[in-house]
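Beneath this line is the structure, given in C-alpha cells, with notes to follow.
The values are calculated or read from the model by the stated rules, or taken from the named source; none is laboratory data. This is a predicted model, so every value here is computed, not measured. Neighbour counts are summed over all protein chains in view; Cβ atoms, including those assigned to glycine, are modelled from backbone coordinates with ideal geometry. Ligands, DNA and RNA are stripped out before the accessible areas are found, and what is left, the full protein with its side chains, is counted by its heavy atoms. Shrake-Rupley method; radii C 1.70, N 1.55, O 1.52, S 1.80 Å.
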Amino acid sequence: MAKKNVFAERRKINQQAEAWFNRTNDSIPFEAFNDEEEKISTGEKMLGEIRRKINKQKFYRLWLNIAATAVIIISVGTFSYRSYINSRVENTEHIWQHYVTQKGEIKQIILPDSSILHLRPGSKIAITHPFVQQTRQVKLEEGEVYFEVKHDPEHPFLVKTSQIITEVLGTKFIINNDPLRPDIHVSLLSGKVSVRNQKAHLGVLLPNQQLSFNRIRETVKLENNSAYSSENWLNGEYILEDVPLKSFAKTFGNAFSMEIKFKQKEFENLHVSIQFNRGDYPKTILDQLKLIHGLNYQIKDKEVILMR
C-alpha cells in the first residue's frame, strides 16, 4: 500500500511538472507560478524528486536539465518577467497624436488623466494614444511647455525630448526645447522630477531649481532658479538669459506673430539677455536691444530687420 502511495505521489509530481512546463512560452521570460507558496512548494517537490532520480543514469540528463531550469526560474523568474515588461514598455511603438501652435497662438491641452499642458507659440508636441498605459508619455519636439501633471504613482509621466527624458508622478514644471539654443532647460515649480538620458541619470530637481543639459557637450548644470512662477509664465512672461540672437528672434517672432531678419548674418550668434511680456509693445522690446546691445532695427509691417 505504501509503495502504491509512493508511485501515486511521484506520478502526481510528474503531472505537476508537465503542467508547469505547458504553461510556459519558451520565447519570453515568465513567472510560471500562481503565487509564492506554489513556487516554493513546487520547487521543493521537484528538487526532492531530482535527488531520487539523479543516480539513475537513464534519467540523468533529463532531470539535470530540469534541476538547472528549476533553480534559475525559481530564483530569477519574477525579475526576468519584470525586466521583459519594462523593455516592452520602452520599446513599444506608440501611436502619437501631434499638436502644433502657430505664431501668436497659445494652446491648452487637457489630457485624459486630467493633466494640463500649456503650449507657447511655436511649440510642437506629440502625445501617446491611448494615453494612460504602463506610463503616460509626451514628446516635446520643439518649443516651451508648462506641464501641470495629475498625480498618479501607478503611471509615471514621461516627457521626451531629442536627448533627455523627464519623469514625474505629479507636479508642475516647464521644459524649453528650443533647437536654436545650446541647452535644454527643465525648470521645476513644485513637487519633484527626475531627468535622465540614454546613458545616465542626470539629476533630481526640487522646487525652484533648473537643470540645463548641453546638447553638444552632453554636460549638466543644476542651479537654483526662482525667476518663473506659474502665474507670470501663464501671463506671458519671457525670461531669456544668455541666448543666441537667432533664438531671441524666433521667440520674439512667435510671441508677436512677426518675422525678424538680420542685415548682417554674423549677428545671429551674438548672445543677449532680455525679459519681456506678450502684452508689451514690440517696439519697446526692440528699444531694449538697441539700448543694451547697440542693435538698430527697422520695422515694416510684420517684418523686423536688425542691424548695427
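Miscellaneous remarks
- Look at (1) free of Cβ contacts under 8 Å to residues at least 24 places away in the same chain; (2) surrounded by fewer than 16 Cβ atoms within 10 Å (Cβ to Cβ) and you find that Ile216 fails only one, number (1).
- Exclusive hit being without any contact (Cβ under 8 Å) to a residue 40 or more places away in the chain, out of contact with any His (no Cβ under 9 Å at 6 or more places or on another chain) and either of a type outside the set (S, T, N, Q) or assigned to a helix (DSSP H, G or I) (or both), set Asn254, Asn232: Asn232
- Conditions (1) more than 17 Å from the chain's Cα centre (by Cα); (2) without any contact (Cβ under 8 Å) to a residue 12 or more places away in the chain; number of the one not met by Tyr99: (2)
- In the range 263-282, the residues that are modelled with pLDDT of 95 or more and under 15 Å from Ile305 (Cβ atoms): Pro282
- When Asp178 is tested against (1) open to solvent by 60 Å² or more (accessible area, probe 1.4 Å); (2) touching a residue at least 40 places away in the same chain (Cβ under 8 Å), just one condition goes unmet, and that condition is (1).
- The single residue among Gly143, Gly104, Gly122 that is open to solvent by 10 Å² or more (accessible area, probe 1.4 Å), among the small types (Gly, Ala, Ser), on the phi > 0 side of the Ramachandran plot and not in a loop (DSSP other than H, G, I, E, B) turns out to be Gly143.
- Against the test of being in contact with a helix residue (DSSP H, G or I) (Cβ under 7 Å, 6 or more places away or on another chain) and either open to solvent by less than 50 Å² (accessible area, probe 1.4 Å) or closer than 30 Å to Asn197 by Cα (or both), the options Leu222, Leu245 yield a single qualifying residue, Leu245.
- Arg136 open to solvent by less than 50 Å² (accessible area, probe 1.4 Å), within 18 Å of Tyr238 (Cβ to Cβ) and of a type outside the set (Asp, Glu): no
- Of the set (1) modelled with pLDDT under 95; (2) of a type outside the set (Phe, Trp, Tyr); (3) more than 14 Å from the chain's Cα centre (by Cα), all apply to Ser212 but (1).
- Residue that is nearest to the chain's Cα centre (by Cα), among those in the range 118-147 that are within 19 Å of Asp178 (Cα to Cα) and among the hydrophobic types (A, V, I, L, M, F, W, C): Val138
- Leu270 falls short on exactly one of the conditions (1) surrounded by fewer than 16 Cβ atoms within 10 Å (Cβ to Cβ); (2) touching a Pro at 6+ places or on another chain (Cβ under 9 Å); (3) more than 21 Å from Lys107 (Cα to Cα), and that condition is (1).
- Of all residues making up the range 287-308, the number that are in a strand (DSSP E or B), exposed (fewer than 15 other Cβ atoms within 10 Å of the Cβ) and touching a Leu at 6+ places or on another chain (Cβ under 8 Å): 3
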